[in-house]
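Take a look at the structure below.
Any read-out appearing in this document is the output of simple, stated calculations on the displayed coordinates, not a laboratory observation. In this text the structure is predicted, and so the values were computed from the model without any measurement. Here the Cβ positions follow ideal geometry from the backbone for every residue, glycine too, while neighbour counts run over all protein chains shown.
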Protein chains: 2
Amino acid sequence: MSSSRATSIRQVARQAGVSIATVSRALTTPDKVSDKTLKKVLAQVERSRYKPNLLARNFRSKRAYAVVVLVPNIANPFFAEIIRGIEQVAQQHGYAVLLGDTEGREDREAYYVGLVETRQADGLIQLHPRLPKIAQGAGGLEIPLVNACEYIEDAPCPRVGIDNVAAAREMTAYLIGLGHRRIGAILGPNTSPLTTDRLRGYKLALKAAKIAADDSLIAQGDFTMSSGRAAIAELFNVKEAPTAVFCFNDEMALGAIRWLKSTGRSVPNDVSVVGFDDIEFASFCDPPLTTIEQPTREIGNKAMSVLFEMLSGGKSEPALHALPTKLIVRDSAAPPRRGK
Amino acid sequence: MSSSRATSIRQVARQAGVSIATVSRALTTPDKVSDKTLKKVLAQVERSRYKPNLLARNFRSKRAYAVVVLVPNIANPFFAEIIRGIEQVAQQHGYAVLLGDTEGREDREAYYVGLVETRQADGLIQLHPRLPKIAQGAGGLEIPLVNACEYIEDAPCPRVGIDNVAAAREMTAYLIGLGHRRIGAILGPNTSPLTTDRLRGYKLALKAAKIAADDSLIAQGDFTMSSGRAAIAELFNVKEAPTAVFCFNDEMALGAIRWLKSTGRSVPNDVSVVGFDDIEFASFCDPPLTTIEQPTREIGNKAMSVLFEMLSGGKSEPALHALPTKLIVRDSAAPPRRGK
DNA sequence: CTGTTAGCGCGTTCAT
DNA sequence: ATGAACGCGCTAACAG
């Protein structure tokens with residue numbers, strides 16, 4: 001350990017021959033100090049390797065200069081990218097980001113909400129499909145919150161994300177355009193509004209093409225690869241299997257492809273499979289996945305910008321910031337086999 | 001906004017008819033308060049929804065109760081798992097984890113080191129292959145630091161990780177056992193001690209089998225999928241190509257497989273490819289990857305435990321905690337073709 | 001432009 | 001077992 005750990009502002013002041021207030025000013029508002037003393041003070045700060053105690057500063061300013069990001073699963077590359085976006089602008093504004101991986105457990109969620117209730121963090125960015133329980137006060141939100149990624153109907157907070165209905169509709173229409181008429185869907189958890197929206201887009205496209213909906217073509221997953229594998233097995237356990245399957249995220253699509261291959265089917269020759277999100281692995285799997293690209297980085301950036309606004313000014317109009325998506329055509333979808 | 005934001009300890013004390021010291025004690029050391037007043041105080045705390053200001057508490061105790069985790073790339077699932085492990089025990093001890101994704105940039109690294117210098121965090125867990133520049137004081141470490149994942153020779157801090165030499169040797173020996181004699185290697189960045197160690201293990205195994213080392217069988221990558229793709233192209237750009245390739249992480253292996261397939265080669269029939277880490281995607285790709293499993297969760301757990309010890313007691317003996325690895329045999333490696 | 005003073009919310013002596 | 005008083009390191013108000 002170093003001998004002079006924890007140099008205080010007092011020591012610097014004494015050794016520089018000024019008051020502590022002057023040291024403080026020199027560090028935070030240099031304009032208010034004469035060049036001469038400024039130089040003198042900074043020199044001494046340098047010499048004694050003084051680092052201001054931000055714990056004290058934050059305490060004084062009643063701000064933690066930290067935000068927590070609630071994420072269901074940090075191991076999901078999709079969330080990882082968004083977090084990067086958040087962190088990027090957080091750092092620009094001098095905020096740290098506290099990682100809140102809930103792993104789906106409510107107690108952990110409550111713990112992180114507690115962090116802002118006890119002032120260890122100033123606000124919260126929610127990447128979950130639902131609002132944190134604790135955050136829903138009777139007469140409005142208790143804590144600064146912005147919802148990213150998952151669009152919540154009537155949420156009393158700003159939301160940033162994409163138009164899931166439109167994107168899902170575009171993807172389904174693409175499959176229809178290829179000639180498919182029996183198009184399966186593998187959903188996410190039904191607690192997720194994101195699932196609801198994508199399902200709506202899927203059905204809208206079907207309807208527009210005058211294709212009757214068929215519930216036996218729909219299976220449920222939970223956004224994990226193994227759930228995708230299990231779900232597609234269900235879909236093929238019926239008399240008339242789909243010729244194309246729309247998975248509501250890339251990981252389930254990878255799981256589905258895995259199953260199809262293991263049963264001797266070829267993708268896309270026998271069955272087309274498409275995903276959603278465009279995670280990095282989507283372009284490196286076999287076949288490369290046709291999917292929907294989300295502007296993850298931008299979503300993160302925007303979410304943090306909005307939160308920062310709330311924290312600074314106080315404008316908390318529950319606006320919806322929709323960012324554009326893009327259909328990425330690769331090789332996992334093709335026209336259906338003749339005769340089918 | 002709620003009407004009574006920021007209830008203070010003073011209000012609670014007044015309304016409960018006790019002193020603030022008693023409220024403080026009731027919350028932190030309930031034993032030192034009589035049952036009767038304890039009940040009274042807690043009831044009032046409940047009623048006025050009082051949450052202690054941890055900013056103040058931390059200030060007083062000179063502790064941030066937060067640690068920062070420096071990670072080169074949060075989008076890498078391998079790191080994500082370790083972070084989960086860290087977070088798990090951090091939460092148990094009442095510590096928050098600040099995410100420090102450096103994206104390889106030194107300025108961002110410095111920023112995060114600054115967080116602990118200014119007391120916004122109490123310690124640091126390093127997932128990089130090198131020590132943070134700033135942390136290397138002349139006469140020892142300035143800040144509590146533990147190094148995880150990447151083993152640094154003579155690091156002046158505790159390290160937790162695996163025995164990379166032994167694991168790489170085991171994998172190489174496995175390939176040799178299959179009958180391969182021309183075994184390529186795709187390395188990580190050469191700044192990484194992890195690369196050095198795995199390379200040593202690889203060479204050790206070769207030597208033990210009396211196979212001459214051949215530099216044209218070695219290519220460099222940087223742990224990304226695209227670098228794996230590029231590196232293997234190099235390896236096959238020579239007269240005598242390898243029959244098996246050992247990639248120093250799974251992502252490069254996926255990139256390599258991608259390239260082999262795109263050039264019409266079959267894995268493992270034409271070429272065997274193995275990885276390292278056992279990320280989740282490794283079991284869902286085609287073919288499922290033979291690789292080395294690391295106890296990621298445990299690495300994270302242990303790293304945080306060790307840091308917590310340092311923060312509490314002060315024992316900072318630079319011990320090395322080696323955790324066991326496991327060879328996972330899947331389908332991406334097979335005996336070489338006859339006649340080769 | 002600079003120094004003096006006060007106080008942020010809490011834990012912690014010291015009395016009682 | 002409880003209360004009064006002090007101070008952590010810093011910034012903000014006021015005076016000079």
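List of remarks:
- In straight-distance terms, cross-link reach from A:K239 covers every one of the aspartates and glutamates whose alpha-carbon lies under 18 Å from its own, apart from those fewer than eight places away in the same chain; here that gives A:D214, A:D215, A:D270.
- Here is the size of the protein assembly as shown from its Cα atoms: Rg then Dmax, 28.1, 92 Å.
- This model, with +1 at the C-beta of Lys and Arg and -1 at the C-beta of Asp and Glu, gives chain B a dipole about its Cα centre of some 1280 debye.
- The charge dipole of the protein assembly as shown, taken about its Cα centre with unit charges on the Cβ atoms of Lys, Arg (+1), Asp and Glu (-1) only, comes to about 1780 debye.
- When chain A is treated as a GNM with alpha-carbon contacts under 10 Å, the residue of A:L115, A:L70, A:L289 showing the greatest mean-square fluctuation is A:L115.
- Label sites at B:S312 and A:Y111, each approximated as a point 7 angstrom past Cα along Cα to Cβ, lie 1.6 nm apart.
- Fewest neighbouring Cβ atoms within 10 Å first, the residues B:S312, A:S332 line up as B:S312, A:S332.
- DSSP beta bridges fully contained in the protein assembly as shown are about 10 percent antiparallel.
- Degrees separating the helix B:77-92 axis from the principal Cα axis of chain B, which is the longest one: 30 degrees
- Put simply, when B:33-40, A:57-64 are sorted by average Cβ atoms within 10 angstrom per residue, most first, you get A:57-64, B:33-40.
- Global size of segment B:1-105: 19.2, 57 Å for Rg and Dmax (C-alpha atoms, Rg to one decimal, Dmax whole).
- Charge-dipole axis of chain B as Lys and Arg at +1 and Asp and Glu at -1 on Cβ define it, positive-most pick from B:N249, B:S61, B:V41: B:V41
- Along its three principal directions, the equivalent ellipsoid of chain A from the Cα gyration tensor extends over semi-axes of 52, 20, 17 Å, largest first.
- Taking label points 7 Å from Cα along the Cα-to-Cβ direction, A:K62 and A:A43 give a separation of 4.0 nm.
- In this structure the amide hydrogen of A:A121, modeled in the peptide plane, comes within under 5 Å of the amide hydrogens of A:V116, none closer than 5 places in sequence on its chain.
- Each of B:H321, A:H93 was scored by other Cβ atoms within 10 Å of its Cβ. Listed from fewest to most, they are A:H93, B:H321.
- Per residue of chain B, the DSSP helices (runs of n ≥ 4 H) give a summed -39500 (n - 2.57) that works out to -12500 deg cm²/dmol at 222 nm.
- Bins of 10 Å, starting at 0 and running to the largest distance - Cα pair percent for segment B:244-340: 15, 36, 21, 15, 9, 3, 0
- Residue order, fewest to most beta carbons within 10 Å, for B:M225, A:M252: B:M225, A:M252
- 3J(HN,Hα) along segment B:43-60, derived from phi through the Karplus expression 6.51 cos²θ - 1.76 cosθ + 1.60 where θ = phi - 60°, amounts to 4, 5, 4, 4, 4, 8, 6, 6, 10, x, 7, 6, 4, 5, 4, 5, 4, 5 Hz, with x in place of Gly and Pro.
- Under 17 Å from A:K36, Cα to Cα: aspartates and glutamates that are on another chain or at least 8 residues apart: A:E46
- Take each residue in B:257-266, count the other chain C-beta atoms within 10 Å of its C-beta, and the mean is 1.
- Pairs over the 23 Å Cα-Cα cut-off, from the set A:K51/B:K302; B:K302/B:K326; B:K207/B:K302: A:K51/B:K302; B:K207/B:K302.
- Under 5 Å, built H, 5+ apart or other chain: amide partners of A:I292: A:G275, A:F276, A:D277, A:D278, A:I328
- Peptide A:281-294 has a mean of 3 when you count, residue by residue, the C-beta atoms of other protein chains within 10 Å of its C-beta.
- Couplings 3J(HN,Hα) of segment B:100-106, computed from phi: x, 7, 7, 6, x, 8, 6 Hz, in residue order, whole Hz [Karplus 6.51 cos²θ - 1.76 cosθ + 1.60, θ = phi - 60°; x for Gly and Pro].
- Inter-chain Cβ neighbour average for residues B:77-84, partner chain, 10 Å: 4
- For segment A:240-283, the equivalent ellipsoid derived from the alpha-carbon gyration tensor has semi-axes of 18, 11, 8 Å in decreasing order.
- Estimated inter-spin distance, A:A166 and B:R200, nm [label 7 Å along Cα→Cβ]: 5.7 nm
- Under a 5 Å amide H cut-off, with hydrogens placed 1.01 Å from N, B:G184 pairs with B:T243, B:A244, B:V245, B:F246 among residues at least 5 apart or on other chains.
- Percent breakdown of C-alpha pair distances by 5 Å bin, ordered from the shortest bin, for segment B:10-64: 4, 21, 29, 23, 14, 7, 1
- Per residue, the convex hull volume that the Cα atoms of segment A:167-248 enclose (Å³): 80 Å³
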